[in-house]
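> Below you'll find the structure I mean.
The values are calculated or read from the model by the stated rules, or taken from the named source; none is laboratory data. Predicted model only: the values in this text are computed from it and were never measured. Here the Cβ positions follow ideal geometry from the backbone for every residue, glycine too, while neighbour counts run over all protein chains shown.
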Amino acid sequence: MGQYDVHVFVCTSGDDCPTKANVEDFVKYLRGEVVKAGRQGDVRINKAGCFSQCGHGPMIVVYRRTSGTPASSKRTCRRSRSRTSSAASRSRGSSTRRA
C-alpha cells in the first residue's frame, strides 16, 4: 500500500472536542463515507489526540499528499470539507452542552 492521497485526523480527546460533539460517531461517519466513495486506499481517517486548540473544536486536520496529488483527491477534499461542516453540525446538535 502506498501513501494516502488524503489523511484526516479527528481530535477525540482533550477537554473540549469530545464535549462539543459526538466525535466517535463523527469518525465512524467519515470512515463510512470513505468506504461508500470506494476510496479506502486513498483516504485515511484517524482518531487523534489534542491539537492544543481547545475552545475551537471539534478539530479536524486534513493533510493532502502534495507532490503528484491526483485531481480526483483534490475534489474529494473540497467535497469532504463541505460535508464535514454539515456533519459536524448534525453531530454537535445531538450532544452540545450549552452554558
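> Out of all the residues in the range 32-50, which are touching a strand residue (DSSP E or B) at 6+ places or on another chain (Cβ under 7 Å) and buried (at least 17 other Cβ atoms within 10 Å of the Cβ)?
34, 42, 43, 44, 45, 48
> Of all residues in the range 22-31, which are of a type in the set (Val, Ile, Thr) and either exposed (fewer than 13 other Cβ atoms within 10 Å of the Cβ) or touching a Cys at 6+ places or on another chain (Cβ under 7 Å) (or both)?
The initial filter retains those residues of the range 22-31 that are of a type in the set (Val, Ile, Thr), namely 23, 27.
Scanning the range 22-31 gives a single hit, 23.
> I would also like to ask the following. If you go through the range 1-21, how many residues are touching a helix residue (DSSP H, G or I) at 6+ places or on another chain (Cβ under 9 Å), more than 23 Å from residue 65 (Cβ to Cβ) and buried (at least 18 other Cβ atoms within 10 Å of the Cβ)?
Selection size over the range 1-21: 4.
> Quick one: which helices (runs of 4 or more DSSP H) sit completely within the chain and have at least 2 residues that are among the hydrophobic types (A, V, I, L, M, F, W, C) and at pLDDT below 55?
Details: elements: 17-20, 23-36, 71-95.
Hits in the chain: 71-95.
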